[in-house]
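Bear in mind these aren't lab numbers, they're just calculated from the coordinates by the rules spelled out. Everything numeric here is computed off the predicted structure, so don't read it as measured data. FYI the Cβ positions are ideal-geometry reconstructions off the backbone, even for glycines, and counts take in every protein chain you see.
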Amino acid sequence: MRFNSAWPGCERKVFPAAAGLSPGGASPALTSQMSPSYPSTMTIGEGSNGPPPAGAVADPAATASPIGFRLDSASGVPTYLQLVHQVEQALRVGYLTEGDRLPTVKEAVESLAINPNTVLKAYRELEHRGLTVGKPGQGTFIAGTLRRLGLAEQAALHESLLGWLRAADEAGLDADGMAALFAASLRDFLDRRDEEGPRRGAGRRAARRQSRAGRATGEVA
């Protein structure tokens with residue numbers, strides 16, 4: 001897919017699935033520790049399902065998907081949920097947009113060596129969440145979005161976080177130490193924010209509890 005040139009490091013990269021970090025930032029090993037709920041990485045491809053030239057008839061099935069899935073067998077997260085979470089993360093940072101094609105079931109099965117029913121289950125869940133739509137004979141396509149910030153805003157936050165990581169590295173923290181400090185700081189920030197706005201905080205706490213419960217009760221594929 002096409003990337004905004006304002007976003008740093010947007011060549012073909014391994015997408016770090018955690019904490020909204022973008023390519024070119026912390027290593028996948030670090031970011032996977034930052035967000036246990038999103039332990040996997042995905043490969044960001046160079047293809048795009050952008051609109052065809054005027055008068056041309058596009059063949060969506062022949063267009064390469066912008067992403068490729070990867071799995072973390074040690075994460076404890078059900079396989080189908082790992083696929084769901086990776087798509088959600090790619091949507092949040094703008095690597096997937098409406099109209100982009102996900103890997104076909106055959107492509108995912110061949111690259112991951114998993115049961116086709118697992119991929120179908122993930123795609124059904126994404127469709128249930130309003131994020132994708134299946135087109136018979138063509139594949140599964142992005143139909144919704146989770147992104148809240150533009151690429152420029154994300155780039156600024158990315159650079160700010162890189163500065164924090166450099167300071168932590170200079171202070172002697174290793175990757176695990178950085179991840180632990182980041183996770184603790186995030187929890188502290190959310191708790192303080194909830195205390196400052198009890199009404200809004202109650203809603204946020206309920207939403208987080210519901211989200212955690214949904215991930216915890218996922219069936220093992």
Quiz item: HN-Hα J couplings of segment 95-112 from phi, Karplus 6.51/-1.76/1.60, θ = phi - 60°, integer Hz, Gly and Pro as x?
Solution: 7, 10, 10, 4, x, 5, 8, 7, x, 5, 4, 4, 4, 5, 5, 5, 7, 10
Quiz item: Amide H neighbours of I67 under 5 Å, counting only residues 5+ apart in sequence or on other chains, H built in-plane at 1.01 Å?
Solution: G45
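Taking R0 as 35 Å, what's the FRET efficiency between S160 and R124 from their Cβ-Cβ distance, rounded to 0.05? Don't skip to the answer; put the middle values down first.
Values: r = 38 Å, r/R0 = 1.08.
Taking R0 as 35 Å, the efficiency between S160 and R124 is 0.40.
Give the peptides 98-109, 134-145 in descending order of average Cβ contacts within 10 Å, highest first. Can you show the working numbers first?
On the way: 98-109: 19.4, 134-145: 15.1.
Output ranking for 98-109, 134-145: 98-109, 134-145.
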Exercise. Report the calculated FRET efficiency for A152 and A180 (r = Cβ-Cβ distance, R0 = 25 Å), to the nearest 0.05.
Key: 0.25
